[in-house]
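A.B. asks: Encoded as structure tokens, here's the structure I'll be asking about.
The values are calculated or read from the model by the stated rules, or taken from the named source; none is laboratory data. Keep in mind that what you see is a predicted model, and the values were worked out from it rather than measured. For neighbour counting, all protein chains shown are included, and Cβ atoms are generated from backbone atoms with ideal geometry for every residue, glycine included. The area values use the complete protein model at the heavy-atom level, side chains included, leaving out ligands, DNA and RNA. Shrake-Rupley method; radii C 1.70, N 1.55, O 1.52, S 1.80 Å.
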Amino acid sequence: MSISLTVLENIIREAGSIAMSHFNDLQNLAITKKSPRDLVTDADVAVEAFLREALAKHYPQFGFWGEESGKSENQSSRWIVDPIDGTHSFSRGQYFWGISVALEIDRELIFGAVYAPALDDYYVAEKGKGAWKNGRPISVSNENNLADAMVGTGFACLRSYLKDNNLQRFCRIAEMTTGQRRFGSAAIDLCLVADGQIDAFWEQELNLYDVAAGALIASEAGATVTDFQGNEGIFPKNILVTNGEILKQILLLM
Ligand code: IPD
Ligand code: CA
Ligand code: CA
């Protein structure tokens, strides 16, 4: 199995250009609601259609799972794609949204890329080889005191039915940390942990396509990827990603 990082970067950047053409013309963006708080736009659909076709053309051996168009037949090796993670931010003209593309083979993630076109930041990782942002290697922060940490979280758009809606957890952690951020794109949040810009991130009720690429990028940059109990692995319904140094301290507050 061989993938080309250059071919993939070109495809993902081209997808970014498609997204940017909609982002630069927001007054004509068609937005519909999949459910009361879950948006989809023309841009999400167009970016995913482009990626699905381009990836199939270059790598016909792999299947596909995208947020908007669903699953192909082959799911034992597949691209996992969120065409725009952060659609709400995108639709309001904010910059934190990204295209998330991962390759999973036999349940193991081997490639992940998150591209934030409005910021022109391209994060990429390959299993066992490390993680990079815009061509330079990245690694998690070395902050080891939760009291001095900056953390990020998100509040799932489909949270209204949840008993645990993250608000109490957020308040507990906010009281014990110096900085808190809510950027609005789980895929980018994970890259920010990878790049040492924040020291931890957690969220509930995500899907694998939100976090697959970002989780590989984070773990290749030295992050711990666990659930809220500290079990290792990717748990989109309760994902906690840290620099490792503050894992024990934050687990006590989850
Ligand atoms: C959303 C973003 C957001 C998170 C939501 C996700 P979408 O993805 O990752 O940060 O809080 O739960 O659904 O809908 O913009 O692809
Ligand atoms: Ca998403
Ligand atoms: Ca999306």
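A.B. asks: Can you give me the C-alpha center-to-center distance between the range 1-62 and the range 75-111, rounded to a whole angstrom?
C.D. replies: Spelled out, the Cα-based centre of one part sits 9 Å from the other.
A.B. asks: So with the 1.4 Å probe, I'd like the accessible area per residue for the range 146-251, rounded to whole Å².
C.D. replies: It amounts to 39 Å² per residue over the range 146-251.
A.B. asks: Heavy atoms only, probe 1.4 Å: what % of the accessible area of the range 5-137 goes to carbon and sulfur, would you let me know?
C.D. replies: C and S fraction of accessible area: 48 percent.
A.B. asks: Next question. Given only helices, namely DSSP H runs of n ≥ 4 each adding -39500 (n - 2.57), what is the per-residue ellipticity at 222 nm of the chain, to the nearest 500 deg cm²/dmol?
C.D. replies: After summing the helix terms and dividing by the residues of the chain, the value is -9500 deg cm²/dmol.
A.B. asks: Rank Asp195, Asp164, Asp42 by mean-square fluctuation in a GNM of the chain with C-alpha springs under 10 angstrom and give only the top-ranked residue.
C.D. replies: Asp164
A.B. asks: Now a separate question. Starting from the range 137-202, pick out the trypsin sites (Lys or Arg not before Pro) whose DSSP state is loop and whose Cβ has at most 14 other Cβ atoms within 10 Å.
C.D. replies: Lys163, Arg182
A.B. asks: Can I ask one more? May I ask what percent, to the nearest 5, of DSSP beta bridges between residues of the range 109-221 are antiparallel?
C.D. replies: If I count the DSSP bridges inside the range 109-221, around 65 percent turn out antiparallel.
A.B. asks: Placing +1 at every Lys and Arg Cβ and -1 at every Asp and Glu Cβ, with all other atoms neutral, what dipole size does the chain have around its Cα centre, in debye to the nearest 20?
C.D. replies: 340 debye
A.B. asks: Then there's this: Answer with one residue from Gly179, Asn207, Thr226: the one whose Cα lies farthest towards the positive end of the charge dipole of the range 164-254, charges on Cβ with Lys, Arg +1 and Asp, Glu -1.
C.D. replies: Gly179
A.B. asks: Rounded to the nearest 20 Debye, what is the dipole magnitude of the range 146-251 about its Cα centre when Lys and Arg each give +1 and Asp and Glu each give -1 at the C-beta?
C.D. replies: So the dipole magnitude of the range 146-251 works out to roughly 380 debye.
A.B. asks: Residues with amide H under 5 Å of Ala131's amide H, sequence separation 5 or more or different chain, H placed in the peptide plane at 1.01 Å from N; which?
C.D. replies: Under 5 Å from the amide H of Ala131 lie the amide H atoms of Ile138, each far enough along the sequence or on another chain.
A.B. asks: List the residue ranges in the chain for DSSP H helices whose C-alpha atoms run 20 angstrom or more along the long axis and whose Kyte-Doolittle average is 0.0 or above.
C.D. replies: Membrane-span-like by this criterion, though nothing is claimed about a membrane: 5-23, 42-58.
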